[in-house]
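The structure under discussion appears below in the form of structure tokens.
The values are calculated or read from the model by the stated rules, or taken from the named source; none is laboratory data. In this text the structure is predicted, and so the values were computed from the model without any measurement. Glycine gets a Cβ as well: all are built from the backbone with ideal geometry, and neighbour counts include every protein chain shown. Side chains are part of the model used for accessible areas, which takes the heavy atoms of the whole protein and leaves out ligands, DNA and RNA. Shrake-Rupley method; radii C 1.70, N 1.55, O 1.52, S 1.80 Å.
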Amino acid sequence: MSEYILEMQDIVKEFPGVRALDEVNFKLKKGEIHALVGENGAGKSTLMKILSGVYPYGSYEGKIIINGEVQRFNTTKDSEVAGVGIIYQELTLVKQMNICENIFLGNEFQKYGVIDWNHAMAKTQELLKEVGLTTNPATKIINLGIGRQQLVEIAKALSKNVNILILDEPTAALNEADSDNLLEIIKKLKDEGISCIYISHKLKEVKAIADTITIIRDGKTIETFENDDKINQNRIITGMVGREITQLFPRVEHTPGEVVLDVKDWTVYNPELPDKKEINNVSFQARKGEILGIAGLMGSGRTELMMSIFGAYGINKSGEIYINGKKAMIKGPRDAIEKGLCYLSEDRKKTGLVLGMDIKENITLSSLNKISSMMGINQNEEIKVANHYVDALNIKTPSIEQKTRNLSGGNQQKVVIAKWLMAAPEILILDEPTRGIDVGAKYEIYNIMNQLVAQGVSIIMISSELPEVLGMSDRILVMHEGKLTADLDWKETNQEGVMHYATGGA
Ligand SMILES: Nc1ncnc2c1ncn2[C@@H]1O[C@H](COP(=O)(O)OP(=O)(O)OP(=O)(O)O)[C@@H](O)[C@H]1O
Ligand SMILES: [Mg+2]
């Protein structure tokens with residue numbers, strides 16, 4: 001028998017105007033962790049959707065062979081029967097249902113025609129143990145943090161007896177501790193003989209966990225190699241983008257001007273737990289022409305701080321906000337935008353994008369005044385700016401008329417980013433702007449941030465990636481448990497310095 005549990009041979013997949021996969025070859029050994037890496041739009045998710053039967057047999061060319069047998073999946077159920085489990089780029093759990101219901105959704109144990117929930121509960125408990133969770137199976141998903149939700153997704157996959165587990169960017173939204181935990185679980189599953197295909201833009205993780213790495217670029221397999229001591233992150237990046245990238249952060253000298261945003265004694269109570277202060281007496285200033293980084297662990301209140309200032313979080317709040325020296329009462333997001341404040345949310349696929357509209361419409365949606373005159377929208381101008389951003393951010397698409405629904409995960413995010421970069425408000429708040437974005441595109445986003453700052457925009461950037469905060473910010477605010485614990489000059493600090501304050505050090 002072959003040492004490969006899976007072989008995908010000469011896979012070709014076309015969408016209108018796009019050859020997403022062009023004779024891709026991929027082989028997975030039994031019991032290995034095989035990382036699949038490549039730029040946004042390279043074809044990673046599409047390849048995995050073929051393997052899991054989302055795109056059925058007949059809608060692609062090429063062969064899927066599992067344990068020596070050619071497979072022809074018509075549905076995802078067929079792939080499950082063959083032992084393939086997939087965890088998608090977006091979480092798919094039903095928030096209002098509990099863990100047990102989610103795991104056995106469409107798959108319920110039946111006894112005399114009724115669902116045997118006692119059995120299901122017991123089985124769920126077992127599965128949760130597999131992924132290191134001690135949570136009650138009757139807990140609703142909505143009450144779980146995103147890290148635990150991801151583990152429930154894995155438990156759900158395990159309930160179907162998987163031999164091949166596909167994880168598509170499982171840690172994109174996880175904090176460091178949850179990510180480490182997830183990686184440990186994957187290693188444990190590997191020891192139990194489960195083979196794993198791991199997709200991630202976090203190359204540090206790929207380096208840490210993968211046995212083998214396959215790189216795809218523009219829908220083609222570029223290379224497959226063992227992840228041994230000779231391989232470093234730079235080597236992987238070079239394979240992905242096809243050239244060497246020597247610098248990850250384009251730092252330029254900024255000359256900060258006057259204070260544009262002045263927040264005083266800002267306190268915000270949790271909307272659900274009225275006694276809990278999410279933000280505790282925070283004061284800070286942001287200046288014209290600077291990048292202000294906000295660091296802190298997940299749950300430290302960074303997002304709540306900025307969302308509450310933007311008027312999108314919290315009802316019971318106190319403190320004062322001054323914009324350009326004038327006291328501002330921000331009633332809600334619309335009001336904030338009118339006052340020159342924009343917020344790019346970390347959950348941008350839900351809040352930032354209109355999936356049924358095309359790229360051009362999404363990019364210009366918040367800047368119609370810039371491309372309109374008395375005569376209405378200037379369509380030439382709209383096309384021009386949209387093309388500009390598609391080039392600048394290297395958005396992979398056949399045209400600016402493509403519906404954003406049809407873009408890859410990372411390219412959807414680039415569209416939302418382009419939209420706010422184009423709006424170029426006075427104060428631009430970016431919450432995890434490069435999450436799920438490939439290394440090359442990150443660099444382009446940083447360049448545009450620098451351009452905006454040079455034009456006098458004030459950028460506030462929340463990021464969990466310490467190298468990014470340290471690499472791009474002029475100043476770094478650090479948060480811990482709803483309080484501001486430090487205001488640091490980038491030149492006078494480093495990762496250890498930031499972590500010290502992020503973990504509550506004085
Ligand atoms: N339903 C679709 N209709 C049209 N084009 C599509 C569709 N799905 C994917 N594509 C295109 O196929 C290509 C590959 O997309 P895919 O989602 O596989 O990329 P990816 O490698 O997973 O990228 P990312 O890292 O951004 O998630 C992209 O150019 C994308 O725009
Ligand atoms: Mg993808």
Size descriptor, Kirkwood hydrodynamic radius, that averages inverse alpha-carbon separations across the stretch 257-394, Å: 17.3
Would you mind classifying the stretch 62-105 by shape? Square roots of the alpha carbon gyration tensor eigenvalues, ordered a ≥ b ≥ c; an a/c under 1.5 is rounded, otherwise it is prolate if a/b is larger than b/c and oblate if not. prolate
Report D for the stretch 284-365 in µm² per second (integer): Stokes-Einstein, Kirkwood Rh on Cα pairs, 20 °C, 1.002 mPa s. 146
Would you give the gap between the C-alpha center of the stretch 406-466 and the C-alpha center of the stretch 140-211, rounded to a whole Å? 27
Obtain the radius of gyration and the Kirkwood radius of the stretch 38-168 from its C-alpha atoms and give Rg over Rh. 1.01
Taking a probe of 1.4 Å, how large is the accessible area per residue of the stretch 349-424, in Å²? 49
Sites Thr75 and Lys220 - FRET efficiency at Förster radius 30 Å, r taken between beta-carbons, to 0.05: 0.60
Rounded to a whole number, what % of the accessible area of the chain do carbon and sulfur atoms account for, probe 1.4 Å? 48
Here the convex hull volume per residue of the chain, taken over Cα atoms and given in Å³, is 172
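Starting from the exponent 0.38 and prefactor 2.2 Å, build the expected Rg for the stretch 435-506 from its residue count and divide its actual Cα Rg by it. All intermediate terms of the calculation are to be shown ahead of the outcome.
Working: Rg = 13.2 Å, N = 72, 2.2 N^0.38 = 11.2 Å.
Dividing the Cα Rg of the stretch 435-506 by 2.2 N^0.38 Å gives 1.18.
Could you state the per residue volume, in Å³, of the convex hull enclosing the Cα atoms of the stretch 4-241?
So the per-residue hull volume is 131 Å³.
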Gain in length, Leu365 to Glu492, computed as 0.36 nm per residue apart minus the alpha-carbon separation, to one decimal in nm? 41.7 nm
Within the under-12-Å Cβ sphere about Ile427, not counting Ile427, Lys/Arg +1 and Asp/Glu -1 give a net charge of 0
Taking a cut-off of 13 Å between Cα atoms, list the aspartates and glutamates near Lys483, but don't count ones fewer than 8 places away on the same chain. Asp265, Glu278, Glu304
Cα-based Rg and Dmax for the stretch 349-424, where Dmax is the largest Cα-Cα distance (Å): 11.4, 37
Ignoring everything but the protein chains, give the 1.4 Å probe accessible area of Met298 in square angstrom, nearest 10. 70
For Glu130, what is the net charge nearby, where nearby means another residue's Cβ is under 15 Å from its Cβ and Lys, Arg count +1, Asp, Glu -1? +3
Provide the net charge surrounding Gly83, with neighbours chosen by a C-beta distance below 13 Å and charges set as Lys +1, Arg +1, Asp -1, Glu -1. 0
Å² of accessible area per residue within the stretch 4-241, as computed with a 1.4 Å probe and no ligands counted: 44
Using the beta-carbon distance between Thr246 and Asp275 and R0 = 45 Å, what value does 1/(1 + (r/R0)^6) give for FRET efficiency, to the nearest 0.05? 0.30
Pairs over 28 Å Cα to Cα, from Lys140/Lys442; Lys63/Lys160; Lys220/Lys384; Lys27/Lys204, come to Lys140/Lys442; Lys220/Lys384
Mind checking which lysines have their Cα closer than 20 Å to the Cα of Lys288? Skip sequence neighbours fewer than 8 apart in that chain. Lys264, Lys326, Lys327, Lys339, Lys491
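For the stretch 83-189, run through the GluC sites (Glu not before Pro) and keep only the ones in DSSP coil with at most 12 other Cβ atoms within 10 Å of their Cβ.
Glu90
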Over the chain, the sum of -39500 (n - 2.57) across DSSP H runs of at least four, divided by residue number and rounded to 500 deg cm²/dmol, gives at 222 nm -9500 deg cm²/dmol
In whole Å, what is the distance between the alpha-carbon centres of the stretch 1-31 and the stretch 75-108? 23
